[in-house]
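Notes for the one structure printed next.
The values are calculated or read from the model by the stated rules, or taken from the named source; none is laboratory data. Since the structure is predicted, the reported quantities are computational estimates derived from the model, not experimental observations. Glycine gets a Cβ as well: all are built from the backbone with ideal geometry, and neighbour counts include every protein chain shown. Please note that ligands, DNA and RNA were not included when accessible areas were found on the heavy atoms of the full protein model with its side chains. Shrake-Rupley method; radii C 1.70, N 1.55, O 1.52, S 1.80 Å.
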Amino acid sequence: ASLELPVYVRRFDVEETCREKGISIQMAARELRYAWFEELIRQQHFDVVATAHNLNDSVETVLINLSRGTGIKGLTGIPPRNDQVIRPLLFATRPEIADYASRHQINYREDSSNIQTKYSRNKIRHDVIPVMERINPGFIGTMNQNMNRLKEIYAIFRDAVDHTRDRLFEKADDRIRIDIRALKKLSPVRTWLFELFSPFGFTRSQCEGMEKIMDAEPGRRSISTTHQLFKDRDQLILVESRPRSFERYYLDSPEKVSHLPFPMDVEVMEREKLEKIPRDNRIACLDYDRIQFPLTIRHWYHGDYFFPLGMEQMKKLSDFFVDQKIPVPVKDRIWVLASGRKIVWIMGYRIDDRFKITGKTRKILLLRFQADVAPQHMKEII
């Protein structure tokens, strides 16, 4: 009120968030706080949010990271800017800020939880750092110098990693191809794998497992929170994960086709008018009298099976995809055409033998579609 500035207050049920996500109170409070900051920025059209983190906070963060295990980045302290959050007081220690406030008669309020040692940060603040300051009275300043040096080292390190990633990661459409032989030449390969793939959501243990994937049979994969990595012959393929779609579309009759996610032509013709069966996998020629409308177009499910053209035995779609060496990200986007519970056509790949044209066929149902997933497209991008 004395500064004539607006104040924004929000209360959270932190314990409920802890229970829902299975995380600590401090982590839950941090997530809720920063989510609210982003909300304020949008609502009030702010440019940035400034937090009061200081040099002591940064040193405490480094010691926490050391105690839990960390790489070089974890030893550089709190960054002065992270997207729309800035931290303009990182240059000053906590005592310096308190002294400034006292000299200028600035009232401030301290969170009562800061004195409790049940939290890891407070244990370091009240128990560890005082011991280090008895060993070295200038401990905070020394740590600041260490963090600044490590920031410079990390900048050089990141530049080398980014350069290597640009050299090895070949972008093609919506995926990235990486030559396995080139990866194996990096040393130490385990550290390189983590630095190259961690920006895509892969954990350290997952990156260690990539060594086994590189030597495994094609098809082996690892899934992060945002991406999928799988082996395809002598390459690793990296793609962004997409949620499986549960869309369904219907062909009520040859004349009535509902909105589809891709263009498709539907035609019914007499058998004698078809001179030659097209060899294009995007075209299906089916025995019209064996079809039961409405036809359903959907993504495949685990457990789906069909009788591949030319075979008298059923085959699970999952096994068919393996035999065809169809990569996981492509497989997850394939559409199937079904008549009742029977698979009629794996669209773009193979029709079911039960619906093929025979000598007894009188009418033909011809379907021609253009989707983003077809063998021709797959060959271009893999």
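What the table below lists for this structure:
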{"read-out": "Cα-projected label distance for Ala29 with Ala182, points at 7 Å along beta-carbon direction, nm", "value": "4.7 nm"}
{"read-out": "With at most 15 other Cβ atoms within 10 Å, longest stretch of the chain clear of loop GluC sites (Glu not before Pro) (DSSP)", "value": "111-246"}
{"read-out": "Value at 222 nm in deg cm²/dmol, rounded to 500, when DSSP H runs of n ≥ 4 in the chain each add -39,500 (n - 2.57)", "value": "-10500 deg cm²/dmol"}
{"read-out": "Rg over Rh, two decimals, the chain (C-alpha only, Kirkwood Rh)", "value": "1.14"}
{"read-out": "Whether segment 3-107 is rounded, prolate or oblate, judged on the alpha carbon gyration tensor where a/c under 1.5 counts as rounded", "value": "oblate"}
{"read-out": "Projected label distance in nm at Lys325 and Tyr301, using a 7 Å step from Cα toward the beta-carbon", "value": "3.2 nm"}
{"read-out": "Most fluctuating residue given options Gln292, Gln26, Gln105, as computed from a GNM of the chain linking Cα atoms under 10 Å", "value": "Gln105"}
{"read-out": "Spacing of the two label points (7 Å from each Cα toward its C-beta) at Asp47 and Glu16, in nm", "value": "3.7 nm"}
{"read-out": "Summed residue charge, Cβ within 11 Å of Leu75's Cβ, Lys/Arg positive, Asp/Glu negative", "value": "+3"}
{"read-out": "Estimated dipole of segment 260-378 in Debye, rounded to 20 [Cβ of Lys and Arg +1, of Asp and Glu -1, Cα centre]", "value": "140 debye"}
{"read-out": "Those trypsin sites (Lys or Arg not before Pro) in segment 62-128 that DSSP places in a loop and that have at most 14 other beta carbons within 10 Å", "value": "Arg109, Lys118"}
{"read-out": "Segment 92-184: chymotrypsin sites (Phe, Trp or Tyr not before Pro) in DSSP coil with no more than 15 other Cβ atoms inside 10 Å", "value": "Tyr108, Tyr119"}
{"read-out": "Full-extension gain in nm, Asp280 to Gln313, via 0.36 nm per residue minus C-alpha separation", "value": "9.5 nm"}
{"read-out": "Cβ-Cβ FRET estimate between Tyr119 and Glu152, R0 fixed at 25 Å, reported to 0.05", "value": "0.20"}
{"read-out": "Kyte-Doolittle mean at least -1.0 and Cα axial length at least 27 Å: DSSP H helices in the chain", "value": "25-44, 139-168"}
{"read-out": "Added length on full extension, which subtracts the Cα-Cα distance from 0.36 nm per residue, Glu217 to Asp162", "value": "16.9 nm"}
{"read-out": "Cα-Cα over 24 Å, subset of Lys316/Lys356; Lys316/Lys342; Lys73/Lys171; Lys342/Lys363; Lys171/Lys331; Lys315/Lys342", "value": "Lys73/Lys171"}
{"read-out": "Fraction of accessible area attributable to carbon and sulfur, the chain (%, probe 1.4 Å)", "value": "50 percent"}
